[in-house]
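Report on one structure; see the data block that follows.
Coordinate-derived values only; no laboratory data. This one's a predicted model, so the numbers in the text were calculated from it and none came from an experiment. Note: ideal-geometry Cβ built from the backbone for every residue, glycine included; neighbour counts use all protein chains shown.
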Amino acid sequence: MALTGLQLIRQREQQIKSNDHSDDVYIDALLAGAKGKIAETLKYFRDHYAVDGVLSVSEMRSNVNNDDYELWQDFIQRYGPRLMKDEAASYRLKSAKQQAGIDREHLLGSMVAISIAYAALGVNDYNGQTLMNEAIQSMRFQNKFMRTRGNMPQDTSELVETGAIKLINAATQGLSIEDRVWLRTDALRDQVTATFDRAFQVGLDDAYYQSHLFKESSKSNNSASKHFKSANGYLANSLLRDKKAGVAALAGAIVAEQNSLNVGYWYNVEDGHVCEQCIQLTNASPYSSHDIPGAPHNGCRCFVVYYKI
Ligand SMILES: [Zn+2]
């Protein structure tokens, strides 16, 4: 049985929420992979060089030995080929290689950098796919909605795809979404490296490890977990979400334009987290297709349903 217009709208709301959730989970998993690898690497240094259970700066500022070098070689073999295929990533690989031989602390820093660059590459790949997917889902929703009103939609898939690619790669204030992913993950790398450096300065023992470095839900700047969590929040909830809203809006506008749909109704996702601004925009509907308001705030996941009247 064909869905009614209202059912389609409810379905789209669910889709938007479920996509947001998947993004959170996926990006979190990518960063968790890097965090796990980094924790494992740090553990290697603790297991080998802690004196009376304490890993301190003097051991970490010592020369790299053969065992350390082998660990590094494994790292490069595992991550290098993938990183070399991307310009931004290979630049980071190169910098990591340049500092790796200085001492153990720099070697660890290089492995932190490589693990995080690898996660950043994954985030960029994922963003590209999920943004295109969002554009297509938004187009399909408008098309289906037209059919519930007895109208036959034009095929806009090519226009939507080209428009989406352009928007995905577009720079705002000189930076594309990819650039922003790199900037944020470079900051994460520096933050994590700084937490390790502080740990070595005070002496990294078990208590420090548990109660500072890898303590979940810590608010302390000495917690690597906190920095990972905050990067995840930005990448999934802010950066990607805004861009998704942008491509979804673009796809809707293309369908409206190509099918001469002249009005748009504003819908919010009705989940109890909708803000006053978005409720007002909903209540003030419909709008002329040429006069659709922009997203009123970061992370807005409202959507517009186009009609012909
Ligand atoms: Zn909104």
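Observations on the model:
- Equivalent ellipsoid, segment 5-261 (semi-axes from 5 times Cα gyration tensor eigenvalues, Å): 45, 19, 13
- Placing unit charges on each Cβ (+1 for Lys and Arg, -1 for Asp and Glu) gives the chain a dipole about its Cα centre, and among Gly5, Phe303, Leu235 the Cα reaching farthest toward its positive end belongs to Gly5.
- Under the simplified labelling scheme, the Gln154-Ala194 pair shows an inter-label distance of 5.2 nm, with each label point 7 Å from Cα along Cα→Cβ.
- Reported value for segment 187-283: 121 Å³ per residue, from the convex hull of its C-alpha atoms.
- 3J(HN,Hα) from dihedral phi, segment 215-228, Karplus parametrisation 6.51/-1.76/1.60, rounded to Hz, x for glycine, proline: 7, 5, 6, 7, 9, 6, 5, 7, 9, 5, 4, 4, 5, 5
- Amide H contacts for Ser62 (H built 1.01 Å from N in the peptide plane; partners 5 or more residues away or on another chain; cut-off under 5 Å): Arg104, Glu105.
- For segment 5-261, a crude dipole built from +1 on the beta carbon of Lys and Arg and -1 on the beta carbon of Asp and Glu, taken about the Cα centre, is about 880 debye to the nearest 20.
- Treating each Cα of segment 65-130 as an identical point scatterer and summing with the Debye formula, the log10 of I(q)/I(0) at q = 0.13 Å⁻¹ comes to -0.35.
- Adding -39500 (n - 2.57) for every DSSP H run of four residues or longer, then dividing by how many residues the chain holds, sets the calculated 222 nm ellipticity at -22500 deg cm²/dmol.
- Taking Cα atoms only, the orientation of helix 157-169 departs from the longest principal axis of the chain by about 40 degrees.
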